[in-house]
Each structure stands twice: as structure tokens, then as C-alpha cells.
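Some notes on the structure that comes next.
Just so it is clear, none of the values below were taken in a lab; they were calculated from the coordinates. Predicted model only: the values in this text are computed from it and were never measured. Reconstructed Cβ throughout: ideal geometry from the backbone, glycine too, with neighbour counts over all protein chains shown.
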Amino acid sequence: MGCPILMNLFIAVFQTFEGSEPYQELLNTVEFVTVVAFAAEYALRLWTAEYLYPEVERKRAVRKYVLSFSGIIELLAFLPYFLPVFFPAGAVAFRMFRVVRLLRLFQINAYYDALNVIGDVITGKKDQILSSVFIIMILMISSSLVMYNLEHPVQPEVFENAFSGFWWAVSTLLTVGYGDIYPVTIAGRVFGIITFLGVGMVAIPTGILSAGFVEHYTRIKTMNEASEESDIRFVQLRVGLRVSELDISRKTMIVMIRRGDKMLIPNGSTILRRGDVLLLYTKKNIRDAMDVEV
């Protein structure tokens with residue numbers, strides 16, 4: 001589904017150009033096809049919700065998916081397109097909601113393993129990132145209040161309130177300033193020079209993420225080197241695949257699958273579900289057995 005998502009993004013951008021009128025019919029056709037694909041995917045996910053949440057019964061699994069963040073985004077990706085058919089009066093308002101489908105770009109991670117690295121790094125470094133963001137917010141709020149008190153008596157029309165000072169702090173620390181707000185007093189300019197040194201604070205989250213990427217790829221490299229030296233082959237398991245479709249070594253066997261309270265003896269047609277626990281062992285030595293949770 002990555003292709004329809006990117007096509008929708010292209011259509012949304014291309015329609016903003018004046019030269020897009022001659023291609024409007026083609027763009028509408030492509031948009032309709034991609035929206036139908038989104039609707040079909042949503043219907044299939046409702047149908048297979050029990051495999052996504054195997055720990056609950058089917059009705060609760062469907063309700064759980066519908067109310068999940070992913071389910072809401074996928075519903076809004078196609079629903080505003082069809083609502084004007086039933087409610088013509090709100091066609092303009094519903095068209096504005098079509099922008100929500102672009103949020104599906106964040107779901108590309110689910111289709112490409114390489115992009116999952118970003119989510120893994122952010123999840124692993126979330127505490128450090130939150131701490132650095134908290135420090136940056138404290139610095140911005142403090143700077144905005146100080147600058148407001150220094151500049152408001154001289155130019156009250158510019159620094160009207162603390163929010164004006166906050167905009168100045170954001171534009172200074174994040175280097176996105178437009179020159180619309182700036183200090184004119186000696187004290188304000190001196191403080192502005194000092195505050196500019198806070199740009200280095202913005203680099204802290206960047207450094208944390210960079211270190212996370214280095215650690216992640218170093219760990220992968222170490223695991224690959226260890227597998228080559230020890231003749232170990234790592235197994236990649238995916239929910240929805242049959243046992244016969246798994247890319248595993250010939251020396252590795254799947255002895256048993258624990259699914260909830262049941263113990264299954266798998267065959268080639270057994271389909272893996274989320275929450276399954278596989279018992280794997282090598283033919284050389286049964287002491288190498290290990291449990292792998294899907």
C-alpha cells in the first residue's frame with residue numbers, strides 16, 4: 001500500500017499548480033482508485049482483526065482495531081471522499097478532511113523494514129529525547145518572559161504579551177526567525193546575544209538520535225558477524241506467513257507452536273498469528289532449543 005499513499009501525496013501537491021487543470025480528470029481517476037484501495041484494505045483489516053488481536057474474541061478485536069489510532073487514520077483516509085455523496089451540503093468541509101489521508105505516510109514503516117529503524121531508535125531513546133525537549137522548552141519559556149519584560153516597556157506593540165516573547169525565543173533558538181520581532185534596547189540585545197548561544201541546545205536531540213542510529217547498526221553488524229563465525233542463521237518470522245514460507249535454516253525445526261492455551265504441532269500450511277510462541281531447535285543438539293515469540 002506504499003504506492004497508493006505516495007500517489008495520493010503526489011496528487012495533493014500537483015493539484016496546487018495552475019497547470020494541473022488539463023490533467024484533472026486523470027488525477028480524479030487515480031485518486032478514486034487509490035481511495036478504493038484504502039477502503040478495501042480497511043475492510044480486509046476488519047475481516048482479519050482477530051489475527052491482529054488473537055487474545056480477544058472477534059467482535060472485541062474488530063472494535064479494538066476500529067478505535068485504535070491506526071484504524072481511525074485508515075478510516076479517515078477514504079471516508080471523507082464518499083461523504084459528499086450522502087451529505088452534499090458539507091462537500092467543502094469534507095474535502096478539507098482529505099488531508100488526513102496524508103497521515104498514512106507514517107504507516108509506510110509497516111511495509112518497509114528499513115524504515116522501522118527510525119521507530120526503533122526513537123523508542124529506544126525516548127527518555128533522553130523527552131528530557132532534552134523538556135530542557136529546551138524551559139529555556140524558551142524563560143527566555144520569552146525575560147525578553148518580554150525587557151522590551152515591552154519600549155515597544156509594547158511588538159512584544160504585546162509573553163507569547164510574542166515566546167515566538168521570538170522559538171525563532172532565535174530554532175533559527176527560523178523572520179525579523180518581525182527583535183529587541184531594540186541595549187539590555188534586550190545583550191540578552192539576545194546570550195540566548196543565541198542556546199542554539200546548541202537544539203543539537204542535543206540530534207546527537208541523541210545520531211548515537212541511537214550508530215548503536216542500532218553496530219548491534220546489527222555485531223549480530224551478523226557472530227552468525228557468520230558461529231554458523232548461526234537468524235530467523236525472520238512474520239505474522240500471516242505459512243510455516244513452509246519461513247526463511248529458516250535446514251538445521252532448524254519448528255517443533256511446536258503455543259497459541260494461547262493450546263499446543264499445536266505445525267505443518268507446512270500452518271499460518272502464524274500474532275502472539276504465537278514457537279519452539280525451535282537445531283538437529284545437531286536439542287540443548288540449543290529456544291522459544292521465539294511472534
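Extending 7 Å from the Cα toward the beta-carbon at both residue 63 and residue 261 defines two label points whose distance is 2.2 nm. Can you work out ³J(HN,Hα) from phi for every residue in segment 36-41, in order, using Karplus 6.51 cos²θ - 1.76 cosθ + 1.60 and θ = phi - 60°, giving whole Hz and x for Gly and Pro? 3J(HN,Hα) across segment 36-41, in whole Hz: 4, 5, 4, 5, 5, 5.
Distant-in-sequence amide contacts of residue 264, defined by a placed amide H-H separation under 5 Å and a gap of 5 or more residues or a different chain, comprise 257, 258, 259.
What FRET efficiency do you get for residue 48 and residue 215 if R0 is 35 Å and r is their Cβ-Cβ distance, rounded to the nearest 0.05?
Numbers: r = 35 Å, r/R0 = 1.01.
Calculated value: 0.50.
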